[in-house]
1. Of the conditions (1) free of Cβ contacts under 8 Å to residues at least 40 places away in the same chain; (2) more than 16 Å from ligand 3 (Cβ to nearest atom); (3) crowded, with 22+ Cβ neighbours inside 10 Å, Glu17 satisfies every one except a single condition; which number is it?
2. Could you grab me the full set of residues in the range 199-237 that are out of contact with any helix residue (DSSP H, G or I) (no Cβ under 8 Å at 6 or more places or on another chain) and either within 24 Å of Gln168 (Cβ to Cβ) or within 16 Å of ligand 2 (Cβ to nearest atom) (or both)?
3. Tell me yes or no: at least one residue of the range 279-295 is touching a strand residue (DSSP E or B) at 6+ places or on another chain (Cβ under 7 Å), closer than 20 Å to Ile26 by Cα and either within 16 Å of ligand 3 (Cβ to nearest atom) or touching a residue at least 60 places away in the same chain (Cβ under 8 Å) (or both).
4. Among the residues of the range 203-237, write down those that are assigned to a loop (DSSP other than H, G, I, E, B), surrounded by 13 or more Cβ atoms within 10 Å (Cβ to Cβ), β-branched (Val, Ile, Thr) and away from ligand 1 (no atom under 16 Å from the Cβ).
5. Can you give me the ranges of the helices (runs of 4 or more DSSP H) entirely in the range 238-330 with at least 3 residues that are farther than 26 Å from Ser184 by Cα and within 16 Å of ligand 2 (Cβ to nearest atom)?
6. Of the residues that sit in the range 258-312 and are out of contact with any helix residue (DSSP H, G or I) (no Cβ under 7 Å at 6 or more places or on another chain) and of a type in the set (Asp, Glu), which one is surrounded by the most Cβ atoms within 10 Å (Cβ to Cβ)?
7. Condition first: among the acidic types (Asp, Glu) and under 25 Å from Gln65 (Cα atoms). Now tell me which residues in the range 12-30 satisfy that.
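Every number here is computed from the coordinates shown, using simple stated rules; none is lab data. None of these values were measured; they are calculated from a predicted model. Cβ atoms come from the backbone with ideal geometry, glycine included; neighbour counts cover every protein chain shown.
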Amino acid sequence: MVSYKELGLVNTREMFEKAMAGKYAIPAFNFNNMEQMQAIIQACVETSSPVILQVSSGARKYANQTLLRYMAQGAVEYAKELGKNIPICLHLDHGDSFELCKSCIEMGFSSVMIDGSHLPYEENIALTRKVVEYAHQYDVTVEGELGVLAGIEDEVSAEHHTYTEPDQVIDFVTKTGVDSLAISIGTSHGANKFRPEQCTRNADGVLVPPPLRFDILEEIEKRIPGFPIVLHGSSSVPQKYVEIINKYGGAVKDAIGIPEDQLRKAAESAVCKINIDSDGRLAMTAAVREVLANKPAEFDPRKYLGPARDWLKELYMHKCKNVLGSAGKA
Ligand code: G3H
Ligand code: 13P
Ligand code: ZN
């Protein structure tokens, strides 16, 4: 058993208290490899932003859980070396079992998500409660989820959102003891969050997706005032990356994300954590495609992963400064 405290990591409690009071959101960026981790830390040190390093079970399988743990430990030292001891949380994204959450806590994670959102309500409560009881013994914070996000990635078409039911939130947070609650108000995972026919066009001909359900968010806030809310599926899918990918041989079709002004508005509310993964994937892919298309003789990975890391850093700095408002809050 390794305590995250020995590694210099923090849980989300104080991060969320400050984010709530200061009307901003903490960035939760997913990482699977060294370049992503370097870009996240460089961007958050330079903007002086607290950060949640997020590891999915897919990331754990891809990169190896032990390596990721040591990378997060390294991230704390790297941030100090870059000149700023920013608060860094290591968080399990979409944990799907008690055993997985327990294993991450034992490895030094400071926060876990137990995602029981697909389970019947009472089963979601029981599983989440079990994780909370274990995690809180070690001062590890827990994120639960109520409501199901629609998703049209991976060929699995969950067309319909099951929006979070505001009348369930008091019961859920009381019975489970969770520290934060992920909700469903119209965001979804991946780069295809809306179909073009669901969108309207603005004066410049740009597709504008339907707005998030801020009415549901407000109802939730009324029932659990001051309780930290989490938004998953919050990539904005910058069209500049999609265009570069497609210009250099890619085939990313109908990619539409959550407009930044919607996320800005959410960050000013009880939303304390905003999850972003797909935008980083797009930025990296665009950079790698552009470099390799322009320099076809290049075969040193540093020559394309280096620019990919720079593009990622620029993206993350933009998120902290202009979207989430977390810049300057470390
Ligand atoms: O919400 C899911 C995250 O984007 C992680 O994705 O499971 O492919 O690592 P992944
Ligand atoms: P995106 O796919 O919109 O980046 O969402 C990521 C996420 O919610 C990770 O849990
Ligand atoms: Zn998610």
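1. Looking at each condition in turn, Glu17 falls short on (3).
2. If the condition is that a residue be out of contact with any helix residue (DSSP H, G or I) (no Cβ under 8 Å at 6 or more places or on another chain) and either within 24 Å of Gln168 (Cβ to Cβ) or within 16 Å of ligand 2 (Cβ to nearest atom) (or both), then Arg213, Asp215, Glu218, Glu221, Pro225, Val230, His232, Gly233 are the ones that fit.
3. First, pick out the residues of the range 279-295 that are touching a strand residue (DSSP E or B) at 6+ places or on another chain (Cβ under 7 Å): 280.
Then keep just the ones that are closer than 20 Å to Ile26 by Cα; that gives 280.
So of that shortlist, the ones also either within 16 Å of ligand 3 (Cβ to nearest atom) or touching a residue at least 60 places away in the same chain (Cβ under 8 Å) (or both) come out as 280.
Taking every residue of the range 279-295 in turn, at least one turns out to be touching a strand residue (DSSP E or B) at 6+ places or on another chain (Cβ under 7 Å), closer than 20 Å to Ile26 by Cα and either within 16 Å of ligand 3 (Cβ to nearest atom) or touching a residue at least 60 places away in the same chain (Cβ under 8 Å) (or both).
4. Across the range 203-237, the qualifying residue is only Ile224.
5. On the way: elements: 239-247, 260-267, 278-294, 301-318.
Answer list for the range 238-330: 278-294.
6. Asp277
7. The initial filter retains those residues of the range 12-30 that are among the acidic types (Asp, Glu), namely 14, 17.
None - no residue of the range 12-30 is among the acidic types (Asp, Glu) and under 25 Å from Gln65 (Cα atoms), so the list stays empty.
Each row is one residue, and each column tells you yes or no for (1) closer than 21 Å to Ala135 by Cα; (2) in contact (Cβ under 8 Å) with a residue 12 or more places away in the chain.
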| position | (1), (2) |
| --- | --- |
| Val2 | yes, yes |
| Gly8 | yes, yes |
| Ala21 | no, no |
| Pro27 | no, yes |
| Met34 | no, yes |
| Val45 | no, yes |
| Val51 | yes, yes |
